[in-house]
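Chemist: Below you'll find the structure I mean.
The values are calculated or read from the model by the stated rules, or taken from the named source; none is laboratory data. As the structure is a prediction and not an experimental result, all values here were calculated from the model. A quick note on method: Cβ atoms are made from the backbone with ideal geometry, for glycine too, and the neighbour counts reach across all protein chains shown. Protein only, heavy atoms only, side chains kept; ligands, DNA and RNA dropped before computing areas. Shrake-Rupley method; radii C 1.70, N 1.55, O 1.52, S 1.80 Å.
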Amino acid sequence: MSDIIKLLPDNVANQIAAGEVVQRPSSAVKELLENAIDAGGSKIDLIIKDAGKTLIQVVDNGCGMTETDARMCFERHATSKITNSNDLFAIRTKGFRGEALASIAAIAQVEMQSKIEGVDLGTSIIIEGSEVKSQEPIACSVGTNFIIKNLFFNVPARRNFLKSTPVETKHIVDEFERVALTHPNIHFTMHHNGNEVFNLPSTTLRQRIVNVFGKKMNERIVPIEQETTVVNVSGYVIKPEFAKRTRGEQFFFVNDRFIKSSYLNHAIKAAYKNLISNDQFPSYFIYLEVAPDFIDINIHPTKTEIKFEDERTVYAILNSAVKNSLGKYNIAPSLDFEQETSFNVAPLKKGQEIKMPTIRVDTSYNPFDNTPNKSTGGSSSSSFKMPKSSSFEQENIDANLDFLASVKQVSETVQPSEIFAENKGIEENFKEENNVEVKQKFYQLHHKYILTQVRSGLLMIDQQRAHQRILFEQFLSKIEERNIETQKLLFPQQIELTASDFALITEMLEELNNVGFEISVFGQTTIVINGLPVGVSDSEAEKIIERLLEELKHSTNQTTANYQQRMAMIMANSSSINAGRKLEEEEMEHLFNELFACQSPNYSPSGKPVIIKMEEEELDQRFERKK
Ligand code: ADP
Ligand code: MG
């Protein structure tokens, strides 16, 4: 047999490497921006078209390249940033692997112009699919101008794999923001399809954060600062009251390199314990500075994951640094001179009176109260009796409730027909036995769950999820039938968005307006909500937009059906009653009836259980009661 192993030609090898380095337009953006920073420029412009699919251009005024370097930079493993393996442990530059340009040139049409200080002419190179098409002298200014056209022109599988324009744009904006947030001293601009998305002049870090995320950010963040022998922590974290229900802005930088770390994210979240609720996310901009040999940034080709030598220590330091700064802020609110209106009280609506806040306590409220309801003939049929309170018994009740919470859904799903059949049964039995009219009783537990009896046992319903399910089905059918009505707002609401969110929303405007929103664009990054779908409360407008954006950023599947479902889900989840809301018995009854009129009452729109049923048999077993 003859030998069959051969070395791959360079262009093939480069194309394979490109698969790792350049997954989508935003990866090319990242590499070019990082090269421009490494080149020491003070101004960097990013220009893209069609989310980078047709054009990505990065212009810098950095050191530029000589004629030889301009040719060399497209070779694989060609770098000016390290020379031997020891350098790997002292990396201060963004790049060092020398494969980005070789990879990009393998899968796109690249034009580059570059000139160094002190020479008359620069060099212009055109290279396509690793093949140099031309190289000639050119008159240009000091620095480098990279133009990447038709990314993946020779890898159709890749090109077809790209997500919708809004999603790819969002990825690019993410990369841009990450770079802009680590170099406030560099002037950055970004243009998309001819529109200016960002113009960020050289400034301080705080002002850079504000310039990227909007003026409101200034009053929302507090500085964090901690110097230790292992790591220096600096940056800003959000005041607890401004935590979002969506992940929002969470940035970790290690030696000015953006990284992802769920472990360190946990350190921060833990510092907010008891200050924000479980479903909220703190925003943060945290900069860790460590000795280069303390970390390994080489474990991931795009370098977004790194390994710390002692991650636990970093966790502890970070956690205490955040706690410290939140604590400090609580005692002495930081004074913000730039922001005069630090008390952001919503303006009074026309004709609205100022009222003293009042507290309503329902002193007679007892969730375990089982005394007969006035309107019913008695409740002797109820097998659900909780002991009257004494501290000992209360403990038992709590234990029992824990147990209830841990009971698995006994019968996987409860059929609506089953419920009504069962209940008819109770009623009829009762009527037969007592010869009276009886009304089904509902109990609310912890202002969160609705308990009621059905013939075969006990039904426990999560009030919030039940309401979400009901609203979801209502919204969805209206959206599908296109008969969702708009309710005009008396006072249109202005929402200022970050530039990236604004770009996403504007792409979506038509679809949003199709499902009952009435949104218009106002200025550079502000939208105005003039109307909302009927059924959505106007206090929820901003929340819905926030959720919608979050959903868009993470959406992978963009079919119409999917989209309509997601819309209905967001609207339902934002408009539903919450856990913690006290419900009157009639309200519970109404909710119960509507829930069982739904097609799928058992699960919330996001797939969580709505109903838990506990069979009488199981109760008997728990009580060790023989049948
Ligand atoms: P790396 O950044 O890992 O060194 P790249 O493939 O990204 O590898 O770039 C190769 C080399 O090209 C760099 O080391 C640098 O010397 C040069 N280079 C790339 N972009 C620029 C630029 N914008 N200005 C000056 N030199 C550049
Ligand atoms: Mg590079």
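Chemist: When you go through (1) at pLDDT 90 or above; (2) assigned to a loop (DSSP other than H, G, I, E, B); (3) within 14 Å of ligand 2 (Cβ to nearest atom) one by one for Leu101, which number turns out not to apply?
Modeler: (2)
Chemist: Restricting the search to the range 123-146, which residues are in contact (Cβ under 8 Å) with a residue 40 or more places away in the chain and within 14 Å of ligand 1 (Cβ to nearest atom)?
Modeler: Thr123, Ile125, Ile127, Ser130, Ser141, Val142, Gly143, Thr144, Asn145, Phe146
Chemist: All but one of (1) open to solvent by less than 10 Å² (accessible area, probe 1.4 Å); (2) at positive phi hold for Tyr284; state the number of the condition that does not hold.
Modeler: (2)
Chemist: A further question on this structure: Quick test of your reading of the structure: Leu88 fulfils all but one of (1) modelled with pLDDT under 75; (2) within 13 Å of ligand 2 (Cβ to nearest atom). Name the failing condition by number.
Modeler: Condition (2) is where Leu88 drops out.
Chemist: If you scan the range 584-602, which residues turn out to be open to solvent by 70 Å² or more (accessible area, probe 1.4 Å) and within 30 Å of the chain's Cα centre (by Cα)?
Modeler: Scanning the range 584-602 gives a single hit, Gln599.
Chemist: Another one. Mind checking whether some residue in the range 565-575 is within 30 Å of Lys439 (Cα to Cα), assigned to a helix (DSSP H, G or I), touching a Lys or Arg at 6+ places or on another chain (Cβ under 8 Å) and assigned by TED's automatic domain parsing to the domain that holds Phe491?
Modeler: Yes, the range 565-575 contains a residue that is within 30 Å of Lys439 (Cα to Cα), assigned to a helix (DSSP H, G or I), touching a Lys or Arg at 6+ places or on another chain (Cβ under 8 Å) and assigned by TED's automatic domain parsing to the domain that holds Phe491.
Chemist: I'd like the full set of residues that are in contact with a helix residue (DSSP H, G or I) (Cβ under 9 Å, 6 or more places away or on another chain) and open to solvent by 40 Å² or more (accessible area, probe 1.4 Å), limited to the range 131-157.
Modeler: Answer for the range 131-157, where residues must be in contact with a helix residue (DSSP H, G or I) (Cβ under 9 Å, 6 or more places away or on another chain) and open to solvent by 40 Å² or more (accessible area, probe 1.4 Å): Glu131, Val132, Gln135, Pro137, Asn150, Phe153, Asn154.
Here is a yes/no grid of residues against (1) crowded, with 16+ Cβ neighbours inside 10 Å; (2) at pLDDT below 95; (3) farther than 26 Å from Phe308 by Cβ; (4) not basic (Lys, Arg):
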| site | (1), (2), (3), (4) |
| --- | --- |
| Pro184 | yes, no, no, yes |
| His187 | yes, no, yes, yes |
| Val197 | yes, yes, yes, yes |
| Met217 | yes, yes, yes, yes |
| Phe253 | yes, yes, no, yes |
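Chemist: Go through the range 524-549 and give me each residue that's small (Gly, Ala, Ser) and either crowded, with 22+ Cβ neighbours inside 10 Å or in a strand (DSSP E or B) (or both).
Modeler: Answer for the range 524-549, where residues must be small (Gly, Ala, Ser) and either crowded, with 22+ Cβ neighbours inside 10 Å or in a strand (DSSP E or B) (or both): just Gly531.
Chemist: Away from ligand 2 (no atom under 16 Å from the Cβ), of a type in the set (A, V, I, L, M, F, W, C) and in a loop (DSSP other than H, G, I, E, B) - does that describe any residue in the range 7-25?
Modeler: yes
Chemist: Within the range 199-213, can you find the residues that are open to solvent by less than 40 Å² (accessible area, probe 1.4 Å) and within 22 Å of the chain's Cα centre (by Cα)?
Modeler: Those that are open to solvent by less than 40 Å² (accessible area, probe 1.4 Å) and within 22 Å of the chain's Cα centre (by Cα): Arg208, Ile209, Val210, Val212, Phe213.
Chemist: Any idea which of (1) open to solvent by 30 Å² or more (accessible area, probe 1.4 Å); (2) within 10 Å of ligand 1 (Cβ to nearest atom); (3) touching a helix residue (DSSP H, G or I) at 6+ places or on another chain (Cβ under 8 Å) is the one Asp50 doesn't satisfy?
Modeler: Among (1) open to solvent by 30 Å² or more (accessible area, probe 1.4 Å); (2) within 10 Å of ligand 1 (Cβ to nearest atom); (3) touching a helix residue (DSSP H, G or I) at 6+ places or on another chain (Cβ under 8 Å), Asp50 violates only (2).
Chemist: If Asp38 meets every condition in (1) of a type in the set (D, E, K, R); (2) buried (at least 19 other Cβ atoms within 10 Å of the Cβ); (3) at pLDDT 95 or above apart from one, which number is that one?
Modeler: Failing condition for Asp38: (3).
Chemist: On the basis of being open to solvent by less than 80 Å² (accessible area, probe 1.4 Å), of a type in the set (Gly, Ala, Ser) and modelled with pLDDT of 75 or more, does Gly19 make the cut?
Modeler: no
Chemist: A further question follows. Sort out which residues of the range 192-219 are in contact with a strand residue (DSSP E or B) (Cβ under 6 Å, 6 or more places away or on another chain), without any contact (Cβ under 8 Å) to a residue 24 or more places away in the chain and outside any loop (DSSP other than H, G, I, E, B), and write them in order of number.
Modeler: The answer is Asn199, Leu200, Asn211.
Chemist: In the range 227-238, which residues are under 12 Å from Val322 (Cα atoms) and open to solvent by 20 Å² or more (accessible area, probe 1.4 Å)?
Modeler: Answer for the range 227-238, where residues must be under 12 Å from Val322 (Cα atoms) and open to solvent by 20 Å² or more (accessible area, probe 1.4 Å): Ser234, Tyr236.
Chemist: On to the next question. All but one of (1) assigned to a helix (DSSP H, G or I); (2) in contact (Cβ under 8 Å) with a residue 12 or more places away in the chain hold for Ser477; state the number of the condition that does not hold.
Modeler: For Ser477, the exception is condition (2).
Chemist: Considering the range 53-80 alone, what residues qualify as being in a helix (DSSP H, G or I) and within 10 Å of ligand 1 (Cβ to nearest atom)?
Modeler: Within the range 53-80, Asp69, Ala70, Met72 qualify.
Chemist: Does Ser261 fit the bill of being at pLDDT 90 or above, open to solvent by less than 30 Å² (accessible area, probe 1.4 Å), assigned by TED's automatic domain parsing to the domain that holds Glu309 and hydroxyl-bearing (Ser, Thr, Tyr)?
Modeler: no
Chemist: So, in the range 93-122, how many residues would count as being away from ligand 1 (no atom under 11 Å from the Cβ) and surrounded by fewer than 24 Cβ atoms within 10 Å (Cβ to Cβ)?
Modeler: Residues meeting the conditions: 7.
Chemist: If I go through the range 243-260 residue by residue, how many of them are under 15 Å from the mean Cα position of the chain (by Cα) and not in a strand (DSSP E or B)?
Modeler: Selection size over the range 243-260: 7.
Chemist: Sticking with this one: Kindly indicate whether any position in the range 68-78 is closer than 30 Å to Val290 by Cβ and open to solvent by less than 50 Å² (accessible area, probe 1.4 Å).
Modeler: Yes: the range 68-78 contains one or more residues that are closer than 30 Å to Val290 by Cβ and open to solvent by less than 50 Å² (accessible area, probe 1.4 Å).
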